[in-house]
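A quick write-up on the structure given underneath.
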Amino acid sequence: MRWTVLAVRWAGPLSVLLTAVFFNLAGAAVMMLVCLGITITWRARLPALLELATDLLLLVAAWSSVFLLYERLEHWDLVVHFAATAVLAELAFRALERWGRLRTPGPVTHVLVVTALGTTLALVWEYVEFAGYALVDPRVQVGYTDTMGDLAAGNAGSLVAGILGAWARHRVDPPHGTAEETD
């Protein structure tokens, strides 16, 4: 697993180079954002599987833009928003927890915090999409229907991530007290 994680980490900078040489600078800029995300997952010292899933989804999201998959595949945008927001919300939760900004909550609080983080990330993502449309490339998909669909997919993804994260944590470290004591 260690070598797979390292290979995916290095896929970020390689993607910047490939996109700059063979595609365009706007795509390379998106890949640099992916590199930032990959660096954050590495520095957060996440479980290897969560780091791998997050990094791969970020790469898929960025390469989907380069290869125009959002325009070519109906609903691909919603799939990516669902999955990427899910892993990013759980990543944000784990990073806050690891950095001492969040005490270990019970399962209900875990779900609520991950969902709130995902909702915030989905909103920021939509601001970035609009900035991309206004400042970089008018082909970036924006509009009421697109934005609302993206927000709904991101919220649903973060809710699912919160539920799965709480479930996984419960399986690994079952609570020793009652539900009232852990939440």
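A few points about this structure:
- Of the whole protein surface, Arg9 contributes about 60 Å² of accessible area at a 1.4 Å probe radius.
- Three-way shape label, region 5-53, alpha-carbon gyration tensor, a/c 1.5: prolate
- Summed over the residues of the chain and divided among them, the accessible surface reaches 59 Å² per residue at a probe radius of 1.4 Å.
- Between 0 and 90 degrees, the angle of helix 144-172 with respect to the longest Cα principal axis of the chain falls at about 40 degrees.
- Against the chain, whose longest principal axis is taken from its Cα atoms, helix 25-43 shows a tilt of about 20°.
- Extension reserve of the His75-Leu164 stretch, reckoned as 0.36 nm per residue once the Cα distance is removed: 29.7 nm
- Per-residue SASA remark: Phe22, around 140 Å² accessible (1.4 Å probe; ligands, DNA and RNA not included).
- Axis angle, to the nearest 10 degrees, between helix 2-22 and the longest C-alpha principal axis of the chain: 20 degrees.
- In the chain, helices alone account for a calculated mean residue ellipticity at 222 nm of -26500 deg cm²/dmol, with every DSSP H run of four or more residues adding -39,500 (n - 2.57).
- For region 1-91: rounded, prolate or oblate by the Cα gyration tensor [a/c cutoff 1.5]: oblate
- Pairwise label distance in nanometres, Leu135 with Leu33, each label 7 Å out on the Cα-Cβ vector: 1.0
The values are calculated or read from the model by the stated rules, or taken from the named source; none is laboratory data. For clarity, every value in this text was computed on a predicted model and none was experimentally measured. Cβ: placed from backbone, ideal geometry, glycine included. Neighbour counts: every protein chain shown. Each accessible area value is taken on the protein alone, full model and side chains, heavy atoms only, with ligands, DNA and RNA left out. Shrake-Rupley method; radii C 1.70, N 1.55, O 1.52, S 1.80 Å.
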